[in-house]
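Laboratory data are not the source of any read-out in this text; all were calculated from the coordinates shown. It should be emphasised that the depicted structure is a prediction, and the values quoted were computed from it without experimental measurement. Backbone-built Cβ (ideal geometry, glycine too); neighbour counts: all protein chains shown.
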Amino acid sequence: MNGIPATPAPLNEPILSYAPGSPEREQLKAELEAQASRVVDIPLVIGGEEVRTGNTIDVVMPHDHGHVLARAHLAGPDEVRRAIDAANGAHREWSTMRWDDRVAVFLRVADLAAGPRRARLNAATMLNQSKNPFQAEIDAACEIIDFFRFGAHFAERIYSIQPRSDKDTWNRAEYRALEGFIYAVSPFNFTAIGANLPGTPAMMGNTSVWKPSLAALLSNYYVMQLFDEAGLPPGVINFVPGDPASVTEVVLSDPTFAGIHYTGSTRVFRSLWKSIGQNIETYRAYPRIVGETGGKDFIAVHPSADAAAVKTAIVRGAFEYQGQKCSAASRAYIPESIWAELEAPLIEETASLTMGDVRDFTNLVNAVIHRESFDKIKGYIDAARASDDAEILVGGECDDSVGYFIRPTIIRAKSPRYVTMCDEIFGPVITIYVYPDGEWEDVLDLVDSTSEYALTGAIFAKDRRVIRAATDRLDQAAGNFYINDKPTGAVVGQQPFGGGRGSGTNDKAGSMFNLLRWVSARSIKENFVPPTDYRYPFMDAP
Ligand code: NAD
């Protein structure tokens with residue numbers, strides 16, 4: 001009982017290769033087959049109990065939308081209220097439990113995800129969110145593991161930040177959990193975000209109501225099972241899939257709502273913030289609002305750049321996971337001199353990208369998440385095809401007969417403010433604006449002013465003065481800024497993630513800064529020799 005524990009030194013989880021002949025490939029193939037041949041019944045989990053409402057939706061494969069993987073029960077207002085009660089009921093014991101016991105649960109989650117549950121998490125992410133093995137591995141396995149191993153270490157660092165003390169006194173800081181419950185609202189595109197949004201506040205002693213995306217329920221349910229398997233007490237995290245607007249209405253009108261940990265589109269985040277504002281007098285305390293939202297992420301290329309490096313950054317940055325990353329490159333500014341060298345190989349490489357079912361490992365590209373997304377992306381492509389201001393250089397084919405497939409697409413815009421240079425499309429589409437070599441400075445102004453977002457961005461240049469000047473000029477244009485690298489693929493502990501402007505509150509997932517948002521410090525001063533006379537020495541003479 002008496003000791004100051006040190007958490008294990010965190011290291012990023014190595015990414016397995018899934019190369020032919022590797023044991024992980026065989027395990028994953030077997031798990032894919034098993035998951036594809038059953039239909040899971042996904043309950044709500046409230047206070048540790050499975051709850052079935054009978055109001056269900058089908059959970060399908062985006063690349064084969066007729067194939068049902070699971071049926072998920074949806075919460076109504078009563079279940080949401082029960083989940084809030086369960087979170088509040090678990091709060092006292094969990095928030096006052098020793099911190100090392102709390103983080104031990106999440107270190108165990110990490111080890112289960114690294115070992116016996118790795119294939120299950122990855123296979124569910126592949127089948128239900130349409131990711132290839134590498135994309136599933138870096139998300140569902142590696143990032144969950146990293147969030148919790150590094151999180152444990154960050155928790156230790158926060159708790160060890162203590163004030164100084166003068167003679168006769170001892171000052172201490174206590175990092176309390178927030179008073180009330182956290183509402184965790186996760187997006188479809190990263191299983192690890194689903195784990196992190198309720199999990200990280202829980203490490204710091206909070207309890208939560210977790211509303212997962214309806215488009216990622218299979219993997220997210222397995223994450224919930226992992227929390228339970230690792231020994232998380234009932235009620236600390238409550239899994240409540242349901243109609244987003246109606247679940248939210250109940251949650252945000254509760255006086256014990258203490259904070260929101262959100263990742264998703266900017267539009268929804270703004271509506272959540274407005275509702276919180278409207279209810280502000282209802283709450284016991286001012287809620288913490290943490291949201292990471294959309295992006296219109298750029299690649300800005302200087303004439304001194306290496307064209308081959310730009311080509312790979314565009315292909316990987318724009319098309320991996322079908323461009324459904326908040327960090328995906330979706331607008332590029334290329335000088336005429338580089339374009340002359342880049343155009344043909346870029347088009348050729350993009351046209352050669354393999355696309356299809358996730359179970360065929362030769363495919364790099366899979367389907368987009370659902371019909372709504374397919375229709376939205378297709379709408380932009382159709383409009384570009386019909387426009388005089390844009391030209392589709394490669395791709396543009398859309399086919400939803402079996403799955404929601406959209407070929408990786410490159411649009412060339414005549415105007416740097418063409419709509420696909422400005423809007424977040426969230427699909428495998430990048431728009432390129434080719435500029436005269438002498439206009440680099442104007443391009444930097446365009447990069448900075450074209451969209452409402454400021455999430456990620458990359459510059460490519462060889463000239464060191466250009467790199468320094470552009471880095472300074474674009475200091476507010478991206479929360480994650482890359483030099484001669486693609487703007488995707490941030491790693492926990494290495495590139496803390498988040499953006500400013502319309503892209504979010506920039507509380508940096510995967511860093512100590514995020515954990516700080518889930519505690520409320522109490523300063524305690526103890527006086528060992530309290531004064532017994534109110535008079536001060538200066539009063540001893542007139
Ligand atoms: P989304 O906005 O459709 O959904 C996000 C979450 O909000 C889901 O849980 C959804 O059910 C919920 N939601 C939807 N409508 C709601 C409403 N009216 N009230 C309350 N909740 C509601 O986003 P998505 O399609 O799941 O994810 C893609 C978006 O997420 C993109 O905009 C992407 O840029 C963003 N994203 C950002 C980051 C980041 O770190 N900045 C990471 C991943 C995704």
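Worth pointing out:
- Which of S165, S373, S130 has the fewest Cβ neighbours within 10 Å, and the rest in rising order: S165, S373, S130
- Based on the convex hull around the alpha carbon atoms, the range 66-164 presents an average projected area of 9.6 nm².
- In summary, the convex hull built on the alpha carbon positions of the range 182-248 has an orientation-averaged projected area of 4.0 nm².
- Computed [θ] at 222 nm, deg cm²/dmol, the chain (DSSP H ≥ 4; -39,500 (n - 2.57); rounded to nearest 500): -11500 deg cm²/dmol
- Against the main long axis of the alpha-carbon atoms of the chain, helix 464-473 sits at an angle near 60°.
- Average Cα contact separation per residue, the range 297-483, under 8 Å, 6 or more apart, as relative contact order %: 28
- Fewest-first sequence of W518, W94, W273 by Cβ atoms within 10 Å of each Cβ: W273, W94, W518
- Degrees separating the helix 440-449 axis from the principal Cα axis of the chain, which is the longest one: 50
- The mean sequence distance of close C-alpha pairs (under 8 Å, at least 6 residues apart), as a share of the length of the chain, puts its relative contact order at 17 percent.
- Dipole of the range 206-282, positive end: most advanced residue of N220, G264, G231 [Cβ charges, Cα centre]: G264
- Ellipsoid fit via the Cα gyration tensor, the chain: semi-axes of 42, 31, 22 Å, each the root of five times an eigenvalue, largest first.
- By the count of other C-beta atoms within 10 Å, a proxy for reagent exposure, T263, T53 are ordered fewest to most as T53, T263.
- Between I161 and R522, the simple spin-label model (points 7 angstrom out along Cα→Cβ) gives 1.9 nm.
- Stokes-Einstein D for the range 297-483, Kirkwood Rh over Cα pairs, 20 °C, 1.002 mPa s (µm²/s): 129
- Working ranking of peptides 407-420, 496-509 by packing, defined as the average number of other Cβ atoms within 10 Å per residue, highest first, is 496-509, 407-420.
- With 0.36 nm allotted per residue and the present C-alpha distance subtracted, the T256-D58 stretch has 68.0 nm of extension available.
- Farthest toward the positive end of the dipole of the chain, out of I347, Y286, Y321, is the Cα of Y286, where the dipole comes from beta carbon charges about the Cα centre.
- This model, with +1 at the C-beta of Lys and Arg and -1 at the C-beta of Asp and Glu, gives the chain a dipole about its Cα centre of some 1120 debye.
- Rounded to the nearest 0.05, the FRET efficiency derived from the C-beta distance between M1 and R81 at R0 = 35 Å is 0.40.
- Over 30 Å (Cα to Cα) - which of K378/K462; K29/K378; K211/K376 fall in this group: K378/K462; K29/K378
- Backbone N within the range 206-234 under 12 Å of label point (7 Å from E372 Cα along the Cβ vector): 213-216
- By average C-beta atoms within 10 angstrom, highest first, the peptides 116-123, 13-20, 242-249: 116-123, 242-249, 13-20
- Rounded tilt (10° steps) of 307-319 against the dominant C-alpha axis of the chain: 70
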